[in-house]
Every structure is written in structure tokens, then in C-alpha cells.
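These notes concern the structure reproduced below.
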Amino acid sequence: MSFTKRKDIKKDIGCCLLDASPDMTIYSAEKNLIEIKEFYSEFDSFEINMSAVEEIDISGVQLLLAINKSTAQDGKKLVLSKVSTSVVEVMDVLNIRSHFNWTNQE
Amino acid sequence: MSDEKEHLAEGQKIFEEESRDLLQQAESILLMLEDDIGNDELINDLFRAIHTIKGSAGIFGFEDVVSFTHVAESVMGQIRDKELTLNEDLMNLLLDSIDQTSKLVTHELNNAEPLISDSLRETGEGLLKRLQQYLDSNILTTSNILTKSKSETFSETEAQLESIESESLSNKYWHISVRFNRNVIANGMDPLSFFRYLNTIGHVISMTTLTSDLPLLQDINPEESYLGFEINLDTQESKDVISDVFEFVKDDCQLHILPPRSKLSDYTRFINALPEENMLIGEILVVSGALTKNELSEVLDYQRAHAATEIRRDENNNFIETITKPELSPEMVENGIADTHIVDVANKKQEKVKKSKKIEQQFVRVNAEKLGDLINLVGELVITSAHTELKAKETEQVELFETVENLTRLVEEIRDSTLNLRMVQIGDTFNRFTRVVRDTSKDLGKKIELKILGGDTELDKTVVEKISDPIMHLIRNSLDHGIETPNVRIANGKSETAIVNLEAYHDSGSIVIKISDDGAGLNPDILTAKAIEKGIISAHQQLTLPEIHRLIFAPGFSTAKEVTNISGRGVGMDVVNRNIDALHGQISVNSELGVGTSFIIRLPLTLAIIDGFQVLVGESAYVIPLDLVEECIELDEQQTKKGEYIDLRGEVMPYLHLSSIFNDDDSSNIKKKEGHRDNIVVVKYAGQKVGLVVDELLGEYQTVIKPLGKVFQNLKGISGATILGSGEVAIIIDVPSLVGRAF
């Protein structure tokens, strides 16, 4: 499903591991937002695994950017990992790769 | 090995054609630039043309061409990048450089010996030296400009503000700025698709996504759009094409499109129109490469200075709002698109150039020989199809006949489109004369403007090639002898600048090329005196005015008091006349003393296949070109008694008996038959109507013109022959010469 919280392996360092849903389009936007909001207040650091994302449109990009903006404002951390090719393509169209922190680690 | 050589030869042929085209293009661009000096698009095209020549010459190892064009290209490159400004001297230098390139290319293609001649080398070196001077001086001038623009930036007077306003900035790409409305995603649009599409009409150089409007997580409505986009696009397309990309969201977004090298003031206006803070948006523009840092500070300075003047002006009225948005023009607010700039810049002329360029790109180069073969084959096809039609008629099978009729129709269409392949617009040939007029008028110290009309008139390529020299001669003649010096013109109450018109149009089966000037006109007294002196006419001969005018076509006739290097060797006009004769054309001259002279050339449209009108005289078939046939009427016995003319609805029209012209005895036998009546085919040529009396009208017939053998070539009244479906030969009637005979 959508932003799902993984087993809390990194809880000790306060990092929340999330799996992004395959659908990051307008059709799931509302749901995605609700889910991310749910975890946002609980943690100071987030790692979103983007490997499952099949479809992403401007609303999905906006959501990622909004998370990014909020974390920056609140002194929290956001890292994207295993970004799928469909997301990379969109990021390159908009030239926003540099907006995010990337990682390839689990 | 021989294969390789063949390939090379073929490649060289393509290079020859391509470079000739490009050089001609470069020349006409330069001439256009003369009237429109700041046109960036033209300068770009110019650079590209010379660049392509250099590249292609490099492939063939034409070192002389490469080394010369390299320097010329650098100069053009600097003009393009606004590091050098075009002036008259530079313009002449570039024109000479193009001539030199053309000579070098010709040399490389034609001469076996690798060394270029001394004179060519000397001219080349001279030109290179001058080109180099421009390149060297540029370094100095750039620094001058820099200091100059700085001082202008800090000065406050209105006049200097104006000059900054007109200064173009260095961004050579389109700048597109999009702010989507909040509801755009909810309306089912994905802005991403528009950006992806942009890459198909050009190349996105840079893309900046603005997140300044994006709310934080707790405030965001995920179905609304908050992002802004600044894009730099490299494309040859027009503004319309770019704004069409956003057609679907045009009501759902604020779109600003700035053309390449927009002016400082345009950027100022643009920055003001955006919702973000000026400084922020300015920095974004710097990041996206639309502006350099210096340019941004200039823009902001300009803005501040302009705002200051606005305040000063408005103080009395207390319009304080204007401080923040001083330059917001009303249409900009309404449309969000500043169309005015482009409309101003692109005048009709360039649009035409653009159009013709687009057509050019769709061309396929075909060997002329292949085309000739095809046309010959189509000719045979037409003859065979006529034969088939005849045979089908004889069988009296309706179905077969219907099928054959369809076939004939198709063959006709094939014939038309095949012949069309050879048709080219005469405009390209005409444009070449612009340069001739420019150079010649400078040499002669006269002011002359060449006006070209009907450049899109089409005619057979072979005709176009052969007509170019005669036209050139007539134009030079007109420039040299016809047009007076500015002083004389002013003294005679004419405008200082003379006008030479070059015009082409279709007129019943022929193409008419008219060269007219508003010069001195032909002086009949001088012409007669000269003709008597040269022994062309005798002293007591009485000539009509048109006859006197035609004297200029007599061999060995030249009236210019001094022989100039432009025309006046006395071999010109009769050669012109002969050339046009060879094309089955005619030339006539009209002139009025003190008002001007015009030469009118009439040429047949094509030399291969025509629509004919078949008639019978006695037992022989004749073909009259259908385009020249006006109507067919019956010859009234009563009228024939009056003489060799009839009353055609109140108009006197002479007529000729084809039987007596061609001494056809069979015809008189037919006439003796009971109830036979003669028909008149009314033909019209050059405005004159003549009747041709024939025994029988057979109707329309596709005529493949077969040239007559040498023995028959000088026969008057016959222009060729054709083969009928039955295999018989029919004579094609030369209407122009018969019309001449009737009057």
C-alpha cells in the first residue's frame, strides 16, 4: 500500500523507514499525505524507499518536495533511497534531483 | 577503387549544389540585413550557412576553402554574439568574402591542380587581413562597451535609460516562465507532460522548479498545484509554437515567453509580472542561465531608476502603488504574454524567408537526368494511352471503353504532376539580381531600388536557367543606360531613388517576365540617328515608334556614348533577343521618353508536353496549344467576301486559312463537298486575337512535343510535331509566329 512504515529497525537512532507506494499520482495523493502526516510528528529522521514507485505525477513530486521543505524547516532529516527509474525520469524533467538527499543504503 | 572515385564524385556534386545554394542564401541574407541590421535570426542563418560550407569543404579536404571560411565564420560568430556590430564596411567585406568563397569552391571542384591562382590568393589574403582586423579590434571594443554600459547604468537621465532599454541581453535561448493555477491537477492536467513535450520542439537547456509557494506538510492540499517553473529552451520554432504547447492549460496558468536576446526592459517587465519577489526571481533567472549576474544588476538598476522617475512624475497625484510595479503594461496583465516584441521584430519579409526555408528542407535532390528519363517515359505513356483509347473505341465495348477512359484520366494526372516536378519558382533567380543592382548602383553612383513581384511564379527549370542571363543583361542595361544620375533625376522632378521592377506572372499559357524602370526612356531620335550611322536602316526609311524601339535588338547596335564595364559593348541586346528566341519566347519593348522603359519577355510554360486542340485541315491533323485557344466559331460565308477579317462581336479580327499557309490541296477537295462549312479557331497571343480557318474540329488532345529534325527547324509557323494515337504525325502550330503574320 502507500507510505508504509517498516519494521522499526532504526528506531534506536530515531529514523523512520518508509516504503513509498507504487502509485504517487493525484489519485492517491490525499491518502499518501494522510499517511505521511501520521509518522511525521513521531520521528526526526526519515528514509523513504522509492523502489516500488511505478507512477508519479506532479502531485507526487509536490508531496516529496513538501516533506523535504518541512523537514528542513523543522530541523529534521529526509533521505530518499533506491529511487526507481520512473521517479528519476520525472526528477530530471523538473531538474530537482539536487533538492533531495539520496542514499543507496538500506 | 573506381567505386570509391564515383562516390567521391557524387559527393562533390552534392557539395557543389549545396554550397552554391548556401552561398546564394548567405548573400541574400546579407542584403536583407542591410535593411534590417539588427535581425538576429538572419545573422544566425548567415552564420549557419558559412559554417555548413566550412564543414562540408573539410570533408573533401578543400583546405583553401576551410582556412578562408574559418576566419569569415569567426567574424560572423562575433556578430552573432553581439561582439561586433555590422556596418557598411563590414557588410561589403562579408559580401566580398562570400564571393571569394564561391571562387575557391569553384576552383576546388573544377581544377585538377592543387594550387590556386595568384590573383585568387592575393584577393584572399587581402580579405583575410581585413577580416582579421575586425577580429583584433573587437577585443578593444568589447571592453569599451563594458565600461560604457556601466557608466550608463549609473547615470539617471532619461535618454540613457532609453539606450539601456534597447540593449539586448546575451541569453540566446527562449525563456519560458510558467505558474500553474492551483486547480490545474484537479482539472486532469499533468504539467509534467507539457515539459516533456517541450523537448520535442527544442532542447530544454535549463529547468528550474520553484518551491517558494509550496506550503509545509501540515498546510498542503495535495490536489492543488503550487510549483513554478522557469525554463530556458533552445528551439528554432516560433513563439506561437511554444505557446501552443501550453494550449490545453492556457486558462489555467500564467505563461510568459521571452524570445532569445530579449531586451533589458523586457526582462524588467517580465520580472515585475511574476508573483515572486523581484530579487528572488532575478536570482532564479541567473541560476537558470537566462541572465548573467551583471545583466541582473543592470535590470534591477534599470528598474529602480525607472521606478524613481515614475515616483517623481506621479508625486503630485500620489500614486504610490506604481513604485513596486512601474513597468507593468496592461496587455501583459491581460494576456500574460508579451506578444508585441515579436510582432515588431518579425516583418513580413522574414516570414516569407522562413516559409521558403521550411519548404526547402523538404526537398529531395534528384538527378536531372533521371527526371528527364521519367518525363520521356511519361510522354510515351501518353502516346500509347491515346492509341489504346482509339482501339478501345473501335471495339465498341462500353465497359472496356470506360476503363480506358479512367486510365486516360490517370495518365493525364501523372503527366501533370511529372511536369510539375520540373517547375521551380523564379524567385530564387530574381533574388540574385538584388546583389547586382546593389553593386552596380554603387559603382555608378546612382540610387536604385529593385522591386521583385511574383517571385513565386513557377516555370520549367531549364527555362529558368536559360533566362537568367538575358534578364541580367536587361537589368544591367536599364541600370546603366536607362536610369539617370540622382542630380539629373532631381532636376527632372523625379525622386532621387530610381525604381526597377522585376515582375513575373502567368498569362494564357505563357509566363511573362517584365523588367521596367522609371528612367530616361528610349530617345527615338538618337536611336534612328544611330541606326542610320551604323547602316542598319537607310536615311529615308520611315519607322513607327515600336519599330524604332526594336532597333535596339539589331546586331551591332549600341547607343551609350561611353562604353562602361557594365554594359554597352554593343553585343548585348541582340544576344538577349536570340537567347529568348531559342526558348521559343518573344521580347518586346515599351518606352516613353523621360518616363521609363519596360521590357516584356514571354516564354512558353513548358517544353515537353502540352494540352493541345486537334484540328483537321484536308486530311492532315494539326495541334494548336489549348492554352492559346479562346473559342471556336463557324465561318460565315457572307463574311468571307469582305476580306481576310471578320467581325467578332464588334471586334475586327483577322483570320488565316491554314490550308493556304501549309499549301494543303486536299482541303479544297473537301470544301467542294455538299454542306461543308469551315470553322474558325480563335487564338490569342500577347493580347492579339487571330482566327485560324480549319476544316474540322477534333477536340482536346494531350500532346507530347517531339522536336523537329534539323531540316525542318527553320520552318515558320510550326513549333514541333507529335504522334497521334493512330501513329500518324500531327504538326504543332506555332501560334506566336502566325499571329505575327496576320498583323
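Below is a table of values for the structure above.
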{"item": "Stokes-Einstein D in µm²/s, Kirkwood radius over Cα pairs - the range A:3-103 at 10 °C with 1.306 mPa s viscosity", "result": "118 µm²/s"}
{"item": "Probe 1.4 Å, accessible area per residue of the range A:3-103, Å²", "result": "45 Å²"}
{"item": "Computed magnitude of the charge dipole of the range A:3-103 (debye, nearest 20; Cβ of K, R +1, Cβ of D, E -1)", "result": "340 debye"}
{"item": "Under 11 Å from the B:Glu396 label point (7 Å along Cα→beta-carbon), backbone N, the range B:684-709", "result": "none"}
{"item": "Accessible surface buried upon B-A contact (total; probe 1.4 Å; Å², nearest 100)", "result": "2300 Å²"}
{"item": "Surrounding net charge for A:Leu64, when Lys and Arg each add one and Asp and Glu each subtract one, Cβ distance under 12 Å", "result": "+1"}
{"item": "HN-Hα J in Hz across the range B:414-430 - Karplus 6.51, -1.76, 1.60, θ = phi - 60°, x for Gly and Pro", "result": "4, 4, 4, 6, 5, 5, 4, 4, 8, 7, 10, 6, 7, x, 4, 5, 4"}
{"item": "Shielded by partner chains, the range A:39-88 residues - at least 40 Å² of accessible area, 1.4 Å probe, vs chain alone", "result": "A:Ile58, A:Gln62, A:Leu65, A:Ala66, A:Lys69, A:Ser70"}
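The values are calculated or read from the model by the stated rules, or taken from the named source; none is laboratory data. Please read these numbers as outputs of a predicted model, since none were measured by experiment. Methodologically, a virtual Cβ is constructed for each residue, glycine included, from the backbone with ideal geometry; neighbour enumeration extends over all protein chains shown. Remember, those area values only see protein heavy atoms, side chains included, never the ligands or the DNA or RNA. Shrake-Rupley method; radii C 1.70, N 1.55, O 1.52, S 1.80 Å.
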